[in-house]
1. Largest first and to the nearest Å, give the Cα extent of the range 1-97 along each principal axis.
2. Who wins for biggest fluctuation among 187, 143, 133 in a Gaussian network model of the chain, springs between alpha carbons below 10 Å?
3. For the range 129-180, with equal point scatterers placed on the C-alpha atoms only and solvent neglected, what are the log10 I(q)/I(0) values from the Debye formula at q = 0.17, 0.28, 0.31 1/Å, to two decimals?
4. For the range 74-178, what class follows from the C-alpha gyration tensor (a ≥ b ≥ c being the square roots of its eigenvalues): rounded when a/c is under 1.5, otherwise prolate if a/b is larger than b/c, else oblate?
5. Shape verdict for the range 138-214, please, from the Cα gyration tensor: rounded (a/c under 1.5), prolate (a/b greater than b/c) or oblate.
6. How big is the Kirkwood radius of the range 59-104, worked out from every pair of different alpha carbons and given in Å to one decimal?
7. Between residue 180 and residue 88, take the C-beta separation as r, use R0 = 22 Å, and let me know the FRET efficiency to the nearest 0.05.
8. Would you kindly calculate the translational diffusion coefficient of the chain, applying Stokes-Einstein with the Kirkwood radius from alpha carbon pairs, for 37 °C and a viscosity of 0.692 mPa s, and quote it in µm² s⁻¹ without decimals?
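Every number here is computed from the coordinates shown, using simple stated rules; none is lab data. No experiment lies behind these values; they were computed from the predicted model shown. Cβ coordinates were reconstructed from backbone atoms using ideal geometry, including for glycine residues, and neighbour counts include every protein chain displayed.
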């Protein structure tokens, strides 16, 4: 069976995967870009932007695992956009422009459904009201035997961990303190009993943690 994976998910030292006050101009709230500064210099990020160059060190070694072997993604609604409640603007098609970086079917968890959106480059956004297990079943069917990536945000990853549906997870611990926002680790005691955990330090100051199902 295909694996369920998390990649390149950044959290602060105090465990926040996004800041407070998300808005149209602030996808990560008051955190700004600080959670992801380690990623921007990498060759993997440059490739996603269609640009040459980029670093090839420790950070890129982890970042480069994000895409290969992935056939579908599941994300929470707040990763897709800042709107809450019923869709007031169905013209909104996500933070990423006309050609999002996913290039696969993407299943967005929401209680407020809307029509599927087909984007350039093979990305298709499906809006579903489903439990983690139901969403994973739909994503696996769409993935055609490839792996499924859980893209975030923190509450979505937390739900899939609580349901014991994640096989591999890469978390980047960034040396900043946010103090508020949305935490990843709440109510997830004893993860180490389900996963083998390894840590690798990077010159950028980030610690890369990998969790692999035992």
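1. 42, 34, 29 Å, listed from the longest principal axis down.
2. Maximum among the listed residues: 187.
3. -0.61, -1.25, -1.39
4. Rounded.
5. Here the range 138-214 falls in the prolate category.
6. Values: mean 1/r = 0.0778 Å⁻¹.
By the Kirkwood definition, the hydrodynamic radius is 12.9 Å.
7. Rounded to the nearest 0.05, the efficiency is 0.25.
8. 186
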